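What follows is a set of notes on a single structure, which appears directly below.
The values are calculated or read from the model by the stated rules, or taken from the named source; none is laboratory data. Here the structure is a predicted model, which means the values were calculated and not measured. Glycine also receives a Cβ, built like all others from the backbone with ideal geometry; neighbour counts cover every protein chain displayed.
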Amino acid sequence: MKKYIIFDFDGTIANTNNIIIASWQSTFERYLGHKLPVREIEATFGETLYDTIARLIPGENVDEVVAHYRNYQDTHQEEYKVYIFEGVRELIDELKARGCGIGVATSRTANSFNKYMHELGMDGYVDVLVTMEDVTHHKPHPESVTKVLERFGASPEEAIMIGDTKYDIGCANNADVDSVLVGWSHYVDEEDMAAAGFEPTYHLDTPDQLLELV
């Protein structure tokens, strides 16, 4: 019995993929002079903005690049509608009805996360939130998940982590927590994930399948 369900946000609860890709393409065009293949951008999902910029746009002022990225995202939201993946809201409703604790471990800021959750009509759905501002070491380091567990007063055996990227799965692996790689979001290079030493405990194609595991 898994009592504590820990979700990633982007690409797991909400489909923010298109606005994230568009924001990166605008950023790459400005600072690199060209766009990048979508698969390369998808491979950055789950990583902090600062880490991605340090790798892919070296030598630039990171805070300036972050500001450009966030400004583009803030001003183009209507063009790239963010929505809850089909079945996820119902899944969380059922988990809460069963008495499960709902946690989120995200590489977003708290302000950004809460803004999206409010706009999506999901205020109050999350019992414990850990954002990039709450940790020193980011995914795939285990700190994000272990902090959620600490705030719940839970053991790793009682929890499961749901995510869409190698960073989520790596974070769960490193925290000794069972993990689920979702199949409802975007392409994931599992060879790349395996090369990094990460492996999901389960693969799920639809949110309702999680109920069978918990």
> Going through the range 45-63 one residue at a time, which ones are surrounded by 12 or more Cβ atoms within 10 Å (Cβ to Cβ) and either in the same structural domain as Lys139 (by TED's automatic domain parsing) or in a helix (DSSP H, G or I) (or both)?
Replying inline: Leu49, Tyr50, Asp51, Thr52, Ile53, Ala54, Leu56, Val62
>> For the condition under 13 Å from the mean Cα position of the chain (by Cα), surrounded by 15 or more Cβ atoms within 10 Å (Cβ to Cβ) and not polar (S, T, N, Q), what is the one hit in Asp178, Asp134, Asp168, Asp127?
In response: Asp168
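Being surrounded by fewer than 20 Cβ atoms within 10 Å (Cβ to Cβ) and among the basic types (Lys, Arg) narrows it down to one of Lys96, Lys139, so name that one.
On the way: Lys139 fails: surrounded by fewer than 20 Cβ atoms within 10 Å (Cβ to Cβ).
From the options Lys96, Lys139, the qualifying one is Lys96.
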>> Against the condition assigned to a helix (DSSP H, G or I), in contact (Cβ under 8 Å) with a residue 24 or more places away in the chain and not assigned by TED's automatic domain parsing to the domain that holds Val38, how does Ser144 come out, does it pass?
In response: yes
> How many of the residues making up the range 37-59 are over 30 Å from Gln209 (Cβ atoms) and under 21 Å from the mean Cα position of the chain (by Cα)?
Replying inline: 9
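Out of curiosity, is Val65 under 16 Å from the mean Cα position of the chain (by Cα) and touching a residue at least 24 places away in the same chain (Cβ under 8 Å)?
Answer is no for this residue.
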>> Just checking, does the range 190-207 include any residue being within 13 Å of the chain's Cα centre (by Cα), crowded, with 17+ Cβ neighbours inside 10 Å, of a type outside the set (Phe, Trp, Tyr) and under 30 Å from Arg39 (Cβ atoms)?
In response: no
>> Taking the condition of being in a loop (DSSP other than H, G, I, E, B), under 14 Å from the mean Cα position of the chain (by Cα) and either surrounded by fewer than 18 Cβ atoms within 10 Å (Cβ to Cβ) or free of Cβ contacts under 8 Å to residues at least 24 places away in the same chain (or both), how many residues in the range 99-112 meet it?
In response: 1
> Is there any pair with a first residue in the range 37-48 that is under 23 Å from His141 (Cβ atoms) and a second that is among the small types (Gly, Ala, Ser) and part of a loop (DSSP other than H, G, I, E, B) whose Cβ atoms are under 6 Å apart and which are 6 or more apart or on different chains, and what are they?
Replying inline: Phe45/Gly11; Thr48/Ser107
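Kindly evaluate Leu210 against the criterion of being closer than 25 Å to Gly87 by Cα, of a type outside the set (Ser, Thr, Tyr), crowded, with 17+ Cβ neighbours inside 10 Å and free of Cβ contacts under 8 Å to residues at least 40 places away in the same chain.
Against the criterion (closer than 25 Å to Gly87 by Cα, of a type outside the set (Ser, Thr, Tyr), crowded, with 17+ Cβ neighbours inside 10 Å and free of Cβ contacts under 8 Å to residues at least 40 places away in the same chain), Leu210 does not qualify.
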